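Read through the structure below, which is laid out as structure tokens, and then see the notes.
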Amino acid sequence: MNNHNDMNDYFEISRIIAAAMAGTLTDDEQRQLSQWLAESSDNAQLYEKITDEQNRLRKRAELSEFDILSGWAGVVAKRHESRRRKMLARIGKYAAGILLPLGIAALFLFTDHGQPTEEAALVHVILPDGSRIELAGRDGAAILAADGTMVYGENTFVLPETANNSEPAYHTIEVASGGTFRLSLGDGTVVYLNSMTVLRYPVPFKEDIRRVELDGEAYFEVSPDADRPFIVHTSNYDVRVLGTEFNVTSYSGDPLSHTTLVKGSVMIEGMAALTTGQQLTYDTANGRFTVAAVDVSYSTAWKDGKLRFRDERLEDIMRTIERQYGVQVEFEDAAARELRFGFNIERHESLDPLIGLFRENGRVAIERNGENLRIRSAK
């Protein structure tokens, strides 16, 4: 093993280290391991780090959230498709007793030596010390973060809880324009984050409460826990639940904030309790709120990669488009802002199909110059 910058070599040494952890090394594998350890002090330190009992347990907790075999396929698929079948076949030989150690070893190796993403990251995690780590590239490829956590598959981040009794450390997830993200919290709650969203969460949750802070839009599937209510704190109000599914839209600077209940029940503290199918709308200007029965599919369509609106003001629609596509919209006349539209389309990578839809309607004229859109009423 002369050079371990090649992903296949990383796989080979991680397989050998996994065999050492499982106690199944052959004589030849032992010689290869000894050679690798002698190549540099960094290799020796990394091996010690991998085999340390505490680190093994921490990685085991992280890896228990997903399937190692599928996860490895996700890591190599984008840039090493020609090697994919061979690697999976080799993994299969060790599936019975070595698969979990293999995943642990590979996780450390690619954390320390993995290749950086070639495209701008749409998702970042901010650690308690203020450092920022890329979690996903524009293509959604798997990336191993520098703190040992893993981004896996299609924009999925598995967050483990730390096993200690100290005060929780707060992490922050930031999703840029054009991105969406799904994250699994340590209590089993799943959170879908929309573009331009920031979520702050503790690791671990406290014993008596599960509290997160949201600026943006998120869909929550809260794991039931009668002893620990789940609270979503926004700049406008707190949403308190025990176990349910709901969508919260609360962007700083937006005139309206919405909470839409899909399943179960929630309490908007100081305002109202919602039942299934109801939506609370809060006016940030005057502090008033309304509760109404709605078609929840319009509030949750973004989670399924759709743009869906029913009789919405064009200004409100374009506020969403700005976040989804990273563009700036300027209206040339007030009448264009008030025009109302409805549509249900797939969210495409390009904004062109949506611009074409508006142009075909004939009610507005849209001029695009790079990331800027100018909109006026059609003459």
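The values are calculated or read from the model by the stated rules, or taken from the named source; none is laboratory data. Treat the numbers as computed from the prediction; the structure is a model and nothing was measured. Virtual Cβ from ideal backbone geometry, glycine too; neighbours counted across all protein chains shown. Surface areas here come from the heavy atoms of the whole protein model, side chains and all, with no ligands, DNA or RNA. Shrake-Rupley method; radii C 1.70, N 1.55, O 1.52, S 1.80 Å.
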With all protein chains present, the range 290-354 has a carbon and sulfur share of its accessible area (1.4 Å probe) in percent of 44 percent
Residue by residue through the range 312-324, the couplings from Karplus 6.51 cos²θ - 1.76 cosθ + 1.60 with θ = phi - 60°, in Hz, x for Gly and Pro, are 9, 4, 4, 4, 5, 4, 5, 5, 5, 4, 4, 6, 5
Per the Cα gyration tensor, the range 170-215 corresponds to an equivalent ellipsoid with semi-axes, largest first in Å, of 21, 11, 7
Rounded to whole Å, √(5λ) for the Cα gyration tensor eigenvalues of the range 245-309, largest first, gives 19, 16, 9
Each label sits 7 Å from Cα toward the beta-carbon; between SER34 and ASP187 the label points are separated, in nm, by 5.3 nm
FRET efficiency for ASP42 and VAL203 from the Cβ-Cβ distance with R0 = 45 Å, rounded to 0.05, comes out at 0.95
Under the Karplus relation with 6.51, -1.76 and 1.60 and θ = phi - 60°, whole-Hz ³J(HN,Hα) for the range 213-226, x at Gly and Pro, equal 10, 10, 10, x, 10, 8, 10, 10, 10, 7, 6, x, 7, 4
Simple SL model, points at 7 angstrom along Cα→Cβ for ALA378 and SER265; separation in nm is 4.9 nm
Net charge (Lys, Arg +1; Asp, Glu -1) of residues whose beta-carbon lies under 9 Å from that of TYR251, TYR251 excluded, is -1
Rounded to 0.05, the calculated FRET efficiency for the beta carbons of THR276 and ARG340 at R₀ = 35 Å is 0.80
The answer for the net charge of residues other than ASP238 whose Cβ lies under 9 angstrom from its Cβ, with Lys and Arg +1 and Asp and Glu -1, is +1
Once phi for every residue in the range 25-33 is put through the Karplus expression 6.51 cos²θ - 1.76 cosθ + 1.60 (θ = phi - 60°), the whole-Hz ³J(HN,Hα) values, with Gly and Pro written as x, are 5, 8, 4, 5, 5, 5, 5, 5, 5
Spelling it out for ASP187: with amide H atoms placed in the peptide plane at 1.01 Å from N, the residues 5 or more places away or on another chain with amide H under 5 Å from its amide H are none
Counting all Cα-Cα pairs in the range 223-283, those more than 13 Å apart amount in percent to 57 percent
The answer for the net charge of residues other than ARG376 whose Cβ lies under 10 angstrom from its Cβ, with Lys and Arg +1 and Asp and Glu -1, is -2
Distribution output for the range 248-379: share of Cα-Cα pairs per 10 Å bin in percent, first bin at 0, values 11, 38, 33, 15, 3
Computed on Cα atoms only, the convex hull of the range 276-341 has an orientation-averaged projected area in nm² of 5.7 nm²
